[in-house]
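**Student:** Sharing a structure with you now.
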Amino acid sequence: MNNGLRGLAAASLLLPAAAMAENLSYSYLEGGFAFYPGFESQDFIGLDTRGSVALHENIFAFGGLKFLTDDVDLTALHAGGGYRHGLDRNTDLWGGITMEYQEWDWDRGGEVDDTGLGFRAGLRHQLNNDLEVGIGGRVVTGDLDYVGLTGTARYAIEPDFKLFAELDVYDGEPGVLGGVTFEF
């Protein structure tokens, strides 16, 4: 193989990695409000925060904290690591393993908490320069196990500042989230 063909072959191997990094950031902080009407006979309202940091072009660390309240307080915390795979220059498939902590605290006394292993995965797609959409899922194990599904949209106000809206089906109960994303 001549040097020109070798160079072309090497460049073609690097192209998917360069394309992955072009639009979708895995270094961000995100936060906002969450509302889950009718969840476990409660109208939960609260805060949802999460973040991610790219450690390598394909590897990232991520986590989040959700605090919801009504007659019962629900605190959910997760942290873990993930891997992203670029399907094309605008689309990533990702997955990760997490440690998940949940605590349910009743106003009338009583508390239940649990730590379990979680698996989270999703698909992110950059529709254009301003709009990203994604779907995701999570399976959390342990005594307070559950399955969750999400649909998310992020709209860029500035290149590194976005508004987000999300529909979250948390253990079969729908909720809505909205807030801001800051990429770094």
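**Student:** Would you check which residues across the range 111-132 are free of Cβ contacts under 8 Å to residues at least 40 places away in the same chain, of a type outside the set (D, E, K, R) and either under 30 Å from VAL72 (Cα atoms) or surrounded by 14 or more Cβ atoms within 10 Å (Cβ to Cβ) (or both) and list them?
**Tutor:** Within the range 111-132, VAL112, THR115, GLY116, LEU117, PHE119, ALA121, GLY122, LEU123, HIS125 qualify.
**Student:** For the range 56-74, enumerate the residues that are out of contact with any helix residue (DSSP H, G or I) (no Cβ under 7 Å at 6 or more places or on another chain), over 15 Å from GLU30 (Cα atoms) and of a type outside the set (A, V, I, L, M, F, W, C).
**Tutor:** We begin by selecting, within the range 56-74, every residue out of contact with any helix residue (DSSP H, G or I) (no Cβ under 7 Å at 6 or more places or on another chain); these are 56, 58-74.
Subset that is over 15 Å from GLU30 (Cα atoms): 56, 58-60, 68-74.
HIS56, ASN58, THR69, ASP70, ASP71, ASP73 - these are the residues of the range 56-74 that are out of contact with any helix residue (DSSP H, G or I) (no Cβ under 7 Å at 6 or more places or on another chain), over 15 Å from GLU30 (Cα atoms) and of a type outside the set (A, V, I, L, M, F, W, C).
**Student:** Sticking with this one: Select from the range 49-61 the residues that are surrounded by 16 or more Cβ atoms within 10 Å (Cβ to Cβ) and out of contact with any Gly (no Cβ under 6 Å at 6 or more places or on another chain) and list them in ascending order.
**Tutor:** GLY51, SER52, ALA54, ASN58
**Student:** Give the residues of the range 83-110 that are within 19 Å of LEU144 (Cβ to Cβ) and small (Gly, Ala, Ser), sorted by residue number.
**Tutor:** GLY109, GLY110
**Student:** Further, regarding this structure: Out of curiosity, is TRP94 surrounded by fewer than 16 Cβ atoms within 10 Å (Cβ to Cβ) and in contact (Cβ under 8 Å) with a residue 12 or more places away in the chain? Please lay out each step first, then the result.
**Tutor:** Working: surrounded by fewer than 16 Cβ atoms within 10 Å (Cβ to Cβ): no; in contact (Cβ under 8 Å) with a residue 12 or more places away in the chain: yes.
Taking the combined requirement at face value, the residue does not satisfy it.
**Student:** Can you list the strands (runs of 3 or more DSSP E) found entirely within the range 22-75 that contain at least 3 residues being without any contact (Cβ under 8 Å) to a residue 24 or more places away in the chain and of a type outside the set (A, V, I, L, M, F, W, C)?
**Tutor:** On the way: elements: 28-39, 42-54, 59-69.
Counting at least 3 such residues, we get 42-54.
**Student:** Regarding ASP145, is this residue within 29 Å of SER41 (Cα to Cα), touching an Asp or Glu at 6+ places or on another chain (Cβ under 8 Å) and among the charged types (D, E, K, R)?
**Tutor:** Numbers: within 29 Å of SER41 (Cα to Cα): yes; touching an Asp or Glu at 6+ places or on another chain (Cβ under 8 Å): no; among the charged types (D, E, K, R): yes.
It is false that ASP145 is within 29 Å of SER41 (Cα to Cα), touching an Asp or Glu at 6+ places or on another chain (Cβ under 8 Å) and among the charged types (D, E, K, R).
**Student:** Could you list all residues from the range 133-150 that are part of a strand (DSSP E or B), hydrophobic (A, V, I, L, M, F, W, C) and surrounded by 18 or more Cβ atoms within 10 Å (Cβ to Cβ)? Don't jump to the end; show me each part of the working.
**Tutor:** To start, the set of residues in the range 133-150 that are part of a strand (DSSP E or B) comprises 133-140, 146-150.
Subsequent filtering for residues that are hydrophobic (A, V, I, L, M, F, W, C) retains 133, 135, 139-140, 147, 149.
Once the filter is applied, which keeps residues that are part of a strand (DSSP E or B), hydrophobic (A, V, I, L, M, F, W, C) and surrounded by 18 or more Cβ atoms within 10 Å (Cβ to Cβ), the range 133-150 yields only VAL140.
**Student:** Let me ask something else. Check off (1) modelled with pLDDT of 95 or more; (2) in contact with a Pro (Cβ under 9 Å, 6 or more places away or on another chain); (3) surrounded by 16 or more Cβ atoms within 10 Å (Cβ to Cβ) for GLU173 and give me the number that stays unchecked.
**Tutor:** (1)
The values are calculated or read from the model by the stated rules, or taken from the named source; none is laboratory data. Remember, it's a predicted structure, so these values are computed and weren't measured experimentally. With ideal geometry, Cβ positions are generated from the backbone for all residues, glycine too; neighbour counts draw on all protein chains shown.
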